[in-house]
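To keep things clear, I will list the structure first and then write my remarks on it.
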Amino acid sequence: MTATVDAPPASRSKVSLSTAIDKSLWLPIAVVLGLGLFFSFETDSFATIRNFTAVSGQAGTLLIVCLGSTFVILMGSIDLSVGAIVLLVGASSVQLLNHTALGNGILPVAAGLGALLGAINGAIYVFGRIPSFVVTLGSLSVFSGIALQILEGRAIQFTLDGFDEIAIGQLIPRLPNIALCGLVIWALVVFIAQRTRFGRYTYLIGGGETVARTAGIPVRRYKIYAFALSGLLAGVGGILAVARLGAAGPSLGQDLLLNSLAAIVVGGTSLAGGVGGPHRTLIGVLIIAILDNGLNLMGVSQYSQMIVKGGVVIAAVLVSRERTPTAVVK
Amino acid sequence: MIQTPPSGPGAVPLLFQAEGLTKQYEVTTVLDRVGFEVPHNKIVSFVGENGAGKSTLFNILSGVVQADAGTMLLHGRPYHPTGYGPAAASGVTRVFQEQSLVGNVPVYENLLLGHDHRFARAGQFIDRKAMIAAAEALVEAAGIDVDVRRRTADYDFSKRQSIEIARACLAPLHLGGIAHPLVLLDEPTSALDRRDEEAFFTLIAKLKLVGSLLFVSHRLTEVLAVSDIIYVLKDGELVERLTPAEADENLLHSLMVGRTRAADYYHERRQRDVADAPIALKVAGLSNHGAYEDIDLEIHAGEVIGIGGLLDSGKSALGKGIAGVDPVTAGTVALGGRSAVRPDIGRFVRQGLGYVPAERLTEGMIAPFSLAWNLSLASGADLFTNAFGLWRRKREVETAARYIKELAIRSGRPEVICTRLSGGNQQKVVLARWLCRDPKVLVLDNPTRGVDAGAKEEIYRLIRNLTDLGVAILLITDELLELVGLSNRILIMQYGRIVAEIAAPADDKPGEREIVAWMLPQGTSDALESYTAAVGLAGHAH
């Protein structure tokens, strides 16, 4: 009796973590290829180098912002305020650029401001014991409100010559610096997720918060770290977006709320936490960016695009739920 | 092996009959071809160790889970409930081990839950007066002292248990129009105080006149006193069918564990004399209002302190409090020679404490993650990261491989997902998480719950190995034999307070009866007597 209990068939125990991940990576990659092929046939302008440069420029901000909030979602929480942090950091940065002599020193300032805003989110979430959904929905409104007051409701251009080079310059030909930044940050963040204590704790807290707490992991502290990282990268994304656009306007970061969630979830990071990771978010961002760009080129109206994207998010969650039938979506 | 009485053509049809019930979870068979019969107007008991399959059996009977194979007949008709609702509608009701009452509604709503539609007037409006009257009739029949208009949560645990028992026992009869109910009682008395227990025994005596009851209890005296038929379950199989006249506690016990209790099962000879050993853990005035109050205890290095008590005794909450998992309202804990502080699990883990929770799958391990990840989980701050916060993956895999070998974790590899391991091997992973840290103090809450007999034995040996190394162990357990066999001293808790300290030296272990007597609120034996008097079964009470 005992013997049968403890000896599962060898074939079943052969499935290891790495092959399980590989299997679920297939679908998003297939979607990228499928979308690429579809738009190449449907439009003349999709498969061109000029369009590649345009897409990667547009996707840069999205990628950087998503990479941070992937950690929050991986922990089983959610950060709805990244778009608002981008707007607030962007607005503040433009004013600082125009009224101080910071110059390129604005970069660390913007990152720090973003990290601070994120840490505030995290602290309220953790110490107030309020669902992160509610906290960041609230701060979404607060941050946007402050930003719009700073901008007085209009777009403000920065006057620093050459600052836009950090975003639209091309260190590597045809690849805008903002996309290059995104890729470098991606590599860095994947390393953090896979090889560091912070990364491991992120998975553990997302997979079993009670288990982690019971084993003495400082869950609350690491939750704040995750929100701070999410804010920090939103800040970096914000300043680079401003550099790319030459100005900060009221609509900055507006589409990031849905797009970032969509990209993370489509990439395969589970909203329940503990499954996925930033390495997958790159693919999710590619899907969303190609979808955006391709639909634009095909002349699909903005309103129809909203419908498509919303549907994609829901479909992605449905598909990912099938893979992990036991996970409870919080 | 099991003889069942012949039920010839002239016999009254049985109230309930099951044949070949089988249930498997993953690779574990929890019920293996279980068949039994419940005649009319009888109390049928199931006894067995934790994990023997009693709860699964009740789950199948009450429709909560479905059997993989087997048939059930209720009143001679096929019975395959798809949920608890359908089961209750056909006259099978149950008192669950965990209370299933809604706290913030009046008692009468709980009593009549699921029967609301009988009180609906003109479709939607509910006849409150009729409901209250019906509920009062129920309470009176059950003989419990409860105002049905009061909020359910205002009553203490024992009263709420009585309410739940009254609902399960009487609602089908009074409201459901069921003439011959079958009531499943899962450890119903463990939470009752004396007066409610008397009422309970009177109630089941009354109920026996119309229906039958299935009864699960760890209190073998109670089982022997109330049952007409006793089935013994072991490792998912029915091993014996007895009448109380044929059985006594010792016989039941040896059937349950499948062997007479060998003296070295708990390695009692290896129990250490710790009088001179330094104190490894000192708890002073620890309180958490509502759970436990003013707890003082000391554990020497190499000593095992057992804590026993009923479900509501607060012993599990105390374990969490001492380890610092849940906050306390007052008191301190000191590890080794360090100063006394408010317990905090993060700090204590760094200082050499380990805590194994009772709920393995929700608190003990992240089963969808790999063995290595679960093993290294508590050591991310020191063992498995370097000065830059980088994870030492090679060391992690090596450590996992070492403990897989040392603890004989079957079908274990560092990268195997823990859902694929059996309960016993999962528990070994949780233990290895602390072993790799060379702990000084371990708080173990039911370390062998849901663990098969083989792994259990290995865990006992492991505990002795640890005490040899001078590890102090706080053992919180529901299993009496384990409590007696492993502990140097036994502390008994009732309602959040330590009521007794019983020495348990290797050569002079206290008896189970003595321990149980301390665990129960005073006067339970009186309640049993009042029951036997009520049904005229005086011959069965010893």
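Any read-out appearing in this document is the output of simple, stated calculations on the displayed coordinates, not a laboratory observation. No experiment lies behind these values; they were computed from the predicted model shown. Glycine also receives a Cβ, built like all others from the backbone with ideal geometry; neighbour counts cover every protein chain displayed.
Observations, loosely collected:
- Between the helical axis of B:453-468 and the longest alpha-carbon principal axis of chain B there is an angle of about 40 degrees.
- The residues neighbouring B:G70, those whose beta-carbon lies less than 11 Å from its own, together hold a net charge of -1 under the Lys/Arg +1, Asp/Glu -1 convention.
- Across all C-alpha atoms in the range B:223-320, the radius of gyration and Dmax reach 19.6, 53 Å.
- Most mobile listed residue (A:Q58, A:Q302, A:Q194) in chain A, GNM with C-alpha springs under 10 Å: A:Q302
- Counted charge near A:F158, where neighbours are those whose Cβ lies closer than 13 Å (Asp, Glu -1; Lys, Arg +1): -2
- With a 10 Å cut-off around each Cβ of B:366-374, the average count of Cβ atoms from other chains is 5.
- Choice from A:L291, A:L240, A:L261 showing the highest fluctuation, given a GNM over chain A with Cα pairs closer than 10 Å: A:L291
- Mean separation of Cα pairs under 8 Å and 6 or more residues apart, divided by the residue count, gives chain B a relative contact order of 15 percent.
- Distance between the range A:25-50 and the range B:110-175 - C-alpha centres, whole angstrom: 64 Å
- C-alpha center-to-center spacing [the range A:139-189, the range A:68-87] in angstrom: 18 Å
- Environment charge at A:G90 (Cβ cut-off 15 Å; Lys +1, Arg +1, Asp -1, Glu -1): -1
- Cleavage-rule hits, GluC sites (Glu not before Pro), the range B:339-448, DSSP coil, Cβ neighbours within 10 Å at most 12: none
- Only one residue of B:V441, A:I264, B:L170 has its Cα farthest out toward the positive end of the dipole of the protein assembly as shown, where Lys and Arg carry +1 and Asp and Glu -1 on Cβ, and that residue is A:I264.
- Gyration tensor (alpha-carbon) shape descriptor, the protein assembly as shown, a/c threshold 1.5: prolate
- Note: relative contact order over the range A:45-253, using C-alpha pairs below 8 Å and six or more positions apart, is 45 percent.
- Our coupling estimate for the range B:416-424, obtained by passing each phi through the Karplus curve with A = 6.51, B = -1.76, C = 1.60 and θ = phi - 60°, is 6, 6, 5, 4, 7, 9, 6, x, x Hz, Gly and Pro reported as x.
- Cα-only Debye scattering, chain B: base-10 log of I(q)/I(0) at q = 0.08, 0.10, 0.13 Å⁻¹: -0.58, -0.89, -1.36
- Our summary gives the range A:156-233 a relative contact order of 13 percent, counting only alpha carbon pairs under 8 angstrom and 6 or more residues apart.
- Rg over Rh [alpha-carbon atoms, Kirkwood Rh] for the range B:314-437: 1.00
- Percent of Cα pairs exceeding the 16 Å cut-off, where the set is the range B:57-116: 50 percent
- Highest mobility in the GNM of chain A, judged by mean-square fluctuation with C-alpha springs under 10 Å and restricted to A:L232, A:L282, A:L62, is found for A:L282.
- With Cα atoms, 0 to 90° folded angle of helix A:49-74 axis to chain A main axis: 50 degrees
- Ranked B:S162, B:S217, criterion: other C-beta atoms within 10 Å, fewest first: B:S217, B:S162
- For the range B:469-495, the residues whose backbone nitrogen is under 16 Å from a point 7 Å from the Cα of B:A275, taken along Cα to Cβ, are B:488-489.
- Nearest 10 degrees, 0 to 90: helix A:106-128 Cα axis against chain A principal axis: 40 degrees
- Evaluated at q = 0.11, 0.15, 0.22 Å⁻¹, the base-10 log of the normalised Debye intensity for the range A:80-165, with identical point scatterers placed on the Cα atoms, takes the values -0.34, -0.58, -1.02.
- Stokes-Einstein, applied to the Kirkwood radius of the range A:45-253 over Cα pairs at a viscosity of 0.692 mPa s and 37 °C, places its translational diffusion at 188 µm² s⁻¹.
- Partner chain coverage, peptide B:381-388 - average Cβ within 10 angstrom: 2
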